[in-house]
2 protein chains.
Amino acid sequence: MALSSAQTQAIRKLLRTGATARVGRVLARHHPADAAALFTDLTPAESRLLFDALLETKQAGDALRALPETLLRDVLERIADDKLATMIGRRPPDEALWFLGLLSEARQPTVLTRLPAPLADELQRLRRYPEGSAGAIMTPRFLALPRERTAGEAIAELQQRGETLEAIFYLYVVDADGLLAGVVSLRQLILAPPDRPLYELMVGEPVRVDVGEDQERAAAIASRYNLLAVPVTENGGRLVGVVTVDDLIDVIHEEATEDFYKVAGVDEGEHVFAPVLRSVRNRFSWVLINLLTAFGAASIVALFESTLDRLVVLAVFMPIVAGLGGNSGTQSLTVMVRGLALGELEFGSTIRAVGRQFVIGALLGAAAGLVTALLVWLWRGNPWIGVAVFLAMLANMALGALAGAAIPLLLRALRFDPALGSGVLVTAVTDSFGFLAFLGLATLFLPLIGA
Amino acid sequence: MALSSAQTQAIRKLLRTGATARVGRVLARHHPADAAALFTDLTPAESRLLFDALLETKQAGDALRALPETLLRDVLERIADDKLATMIGRRPPDEALWFLGLLSEARQPTVLTRLPAPLADELQRLRRYPEGSAGAIMTPRFLALPRERTAGEAIAELQQRGETLEAIFYLYVVDADGLLAGVVSLRQLILAPPDRPLYELMVGEPVRVDVGEDQERAAAIASRYNLLAVPVTENGGRLVGVVTVDDLIDVIHEEATEDFYKVAGVDEGEHVFAPVLRSVRNRFSWVLINLLTAFGAASIVALFESTLDRLVVLAVFMPIVAGLGGNSGTQSLTVMVRGLALGELEFGSTIRAVGRQFVIGALLGAAAGLVTALLVWLWRGNPWIGVAVFLAMLANMALGALAGAAIPLLLRALRFDPALGSGVLVTAVTDSFGFLAFLGLATLFLPLIGA
């Protein structure tokens, strides 16, 4: 379990006196993931010593991979190339590739050349697959056997090669050309009579992903079919790797964060402790886009300056019409972005889903508009301003919901990420249309209002 | 792989002619998850026939569990109690409990009494654990052996009891009192010499969750320590169940959806195809809260009616100040809610994280405010309106970022969900304060503006 703060203090003291071997012995009694938290409290010099201690007890890799990716980048920057290479050299290839990818572009080749040659070759091969593809997160160290082997032979093979294998949840069965033919779970293998051939045990035509497919698709397949690992094939069926569930959990976390961030207009590299100036730079482009849409809304208000001049109270109710429209749009947007991410839309018609949101928005708009109109009438004693508020809110909340549902689908059709900046776009629509509808109606009603 | 639309049509035709056995044979050649998608296109009568076909080939449970939970509820409602009981009776206990939980409260006891007695008893026991707890999603069918057994004996035990076990990624080692003492992975077990005792193979003091702890914590532990299953203990260490990674993936998806929904003020029961009126009811309470905060903002504008009356152009720029503040707040909010969910805040000081957002917001506010002030000056030819815009945007974007970062933390300190309605609260702050700052400053500057 996690280290107490007294333990943390004791370890810091030991580090400062240079007793790294003793630190290693203390930490060996804890899970490496618990040692990871130490890095965030230490000075650069202390964290280099801590890394040495973990390297001696071979815990460095396990500890570091428990850190959030963004913090890990900072820690890795402090460690010297050769020590980093020692740590990475002990990791399985997919994880080594992940560590390597966290280093600066300039540093990657330097560390790569210091790795053991067989691993360096494997990594060179894996580095060809684009970031975010199944190929980039797969492990090439899986067990694949011909279909005629028996369960007993397969277990013997496992026992012999087990140390070098990474993903042994499933044994894959291949034909003479290396094409993926079937899969046998470790559990089935143990339960089977030793002389049973694999082709009798295997499930044929297993689901797979292509090496270039999005990692998100591998995660969706694992989730849908309840798999612990998804085989990765190339050139129409040759088995080249396996993506395992621990990596897929990371993918699921990442994709959820990405969707979340993109709706709000935040760059995926951000996190709570990212450097301030990097965050400012990342967010500024979204702020500029938002500024553009805000000026759009402002110029619509400017069209109605003479109306506002005659009836300044309209300025009081403008934010209500715009705000509630934005609220309705954001609600529909959220349900739609999440529905796309979870694959719910594969189970029914897209048009029906958009239509539903429009009807929901219209009904909410009618209800909220009615409440607001009555309050406005009571407050200001003029029913016609209330009528303008009611109609504008009805229209704006219905349109907001429609925009919230349709914008992610439009973005997807245009081959953008469906969540990308969608929050900014939806409020742009509801602000501009809200002002147009409300001030436009009020202008029409001016003679009735008696202003 | 998924069924083609020609196959789907053929199956519908077969269903309508009552050839369920043949449908069963066709579907047996596909993964059950692919048959699940059929349910969404069928009439209630057709889907009952499809269920019969799947029940005959024992694929019904695997097919149904691939459906999104919300769609599944509708399908389950169409199936008769006894057929449902046959299907549920074949599932492992944690999954049976999950299916049961999707039925209406009234229907649960009826179906429960039709299940085989041993399963019904197990379910009664599991039903005591509250929804969302580790106990409610654990399986009670795990393998635990005393520490003196050998690897060979453990494998023999696995082979004998394997069919009834659900989670055999790990073998758990218990002491004489049933207290959890260690864990051996299936992989280690296969690789070990058969006469090696478990206490030499096991990793001691394994991480675990208490039966009453939040399922989210089990998911966080599996993710942090890269585990395929997390043991669940009761009364200080007695092993009572195991939560497996496939269930934890569902938990991760659910929790991400929940956070997403709560920020926007959407109820967790919603989805793209939920009944319209249910969605309207769910969202309406959030709309009312939003209406309340919008009236708050409106009454701040009302305080400045005489200022607006003298200088109606201020109404044009109000939405820019409020909108950009909301944007800044939402960006910080998103980073903070996600940081809390991913545990990033455990790796550093909370105050520092909030301070960072404030500084980011102030810098973005200064930049965006400057751009806007210059444009306003160019557009309207009056520098003092520009100065008011600049100062108000600087203050509002800084305050928005502060509120976005602090509100989730405050909600958590008050023992609410940190995401709950946070989007609505943040824009309430930025709307009200934005109007106050901008119209207040403009009022002060009125003599300078010359209105």
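What follows draws every value from the coordinates through simple rules; no lab data is involved. The shown structure was predicted, so the numbers you read here are calculated from the model rather than taken from an experiment. Methodologically, a virtual Cβ is constructed for each residue, glycine included, from the backbone with ideal geometry; neighbour enumeration extends over all protein chains shown.
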13 Å cut-off, amide nitrogen to a point 7 angstrom out along B:ASP309 Cα→Cβ, residues in the range A:288-316
A:309-314
According to the square roots a ≥ b ≥ c of the eigenvalues of the Cα gyration tensor, what is the shape class of the range A:276-449, taking rounded for a/c under 1.5, prolate for a/b larger than b/c otherwise, and oblate for the remainder?
oblate
Just to be sure I follow the rule: in the protein assembly as shown, considering lysines 8 or more places apart or on different chains, how many pairs have Cα atoms under 24 Å apart?
7
Taking Cα atoms only, Rg over Rh for chain B with Rh from the Kirkwood formula is 1.12
With r as the distance between the Cβ atoms of B:ASP81 and A:ARG125 and R0 = 56 Å, compute the FRET efficiency 1/(1 + (r/R0)^6) and round to 0.05.
0.50
Compute, for the range A:276-449, the length of the dipole vector about the Cα centre, with Cβ point charges of +1 (Lys, Arg) and -1 (Asp, Glu) only. Units Debye, rounded to 20.
340
Show me, for the range A:234-241, the HN-Hα J-couplings you get by feeding each phi into the Karplus relation (A = 6.51, B = -1.76, C = 1.60, θ = phi - 60°), rounded to Hz, glycine and proline as x.
9, 6, x, x, 6, 6, 10, x
According to the square roots a ≥ b ≥ c of the eigenvalues of the Cα gyration tensor, what is the shape class of the range B:282-381, taking rounded for a/c under 1.5, prolate for a/b larger than b/c otherwise, and oblate for the remainder?
oblate
Going by how many other Cβ atoms sit within 10 Å of their own, how do B:ASP431, B:ASP246 line up, fewest first?
B:ASP246, B:ASP431
Segment A:ALA19-A:LEU370, length gained on full extension (0.36 nm per residue, minus Cα span):
119.1 nm
Mean projected area (nm²) from the convex hull of Cα positions in the range B:242-340 is 9.5
Over chain B, the sum of -39500 (n - 2.57) across DSSP H runs of at least four, divided by residue number and rounded to 500 deg cm²/dmol, gives at 222 nm -21000 deg cm²/dmol
Phi angles of the range A:422-433, converted by Karplus (6.51 cos²θ - 1.76 cosθ + 1.60, θ = phi - 60°) into ³J(HN,Hα) in whole Hz with x for Gly and Pro, give 4, x, 5, 5, 5, 5, 4, 4, 6, 5, 5, 5
Alpha carbon centroid spacing (whole Å) that separates the range B:118-190 from the range B:283-353
51
For chain B, what's the relative contact order in percent, using C-alpha pairs closer than 8 Å and at least 6 residues apart?
11
Calculated FRET value between A:ILE289 and B:GLU157, using beta carbons and R₀ = 51 Å, to 0.05
0.25
Given 10 Å bins starting at zero, what is the percent of C-alpha pairs of the protein assembly as shown in each, up to the one with the largest pair distance?
2, 11, 19, 22, 19, 14, 8, 4, 1, 0
Between B:LEU448 and A:THR113, the two model label points (7 Å from Cα along the beta-carbon direction) sit apart by a distance in nm of 6.1
Compute the FRET efficiency between B:SER4 and B:ARG73 as 1/(1 + (r/R0)^6), taking r as their Cβ-Cβ distance and R0 = 30 Å, and round to the nearest 0.05.
0.60
Using a 7 Å Cα-to-Cβ projection, A:ASP82 label spacings across copies, nm, ascending:
7.9
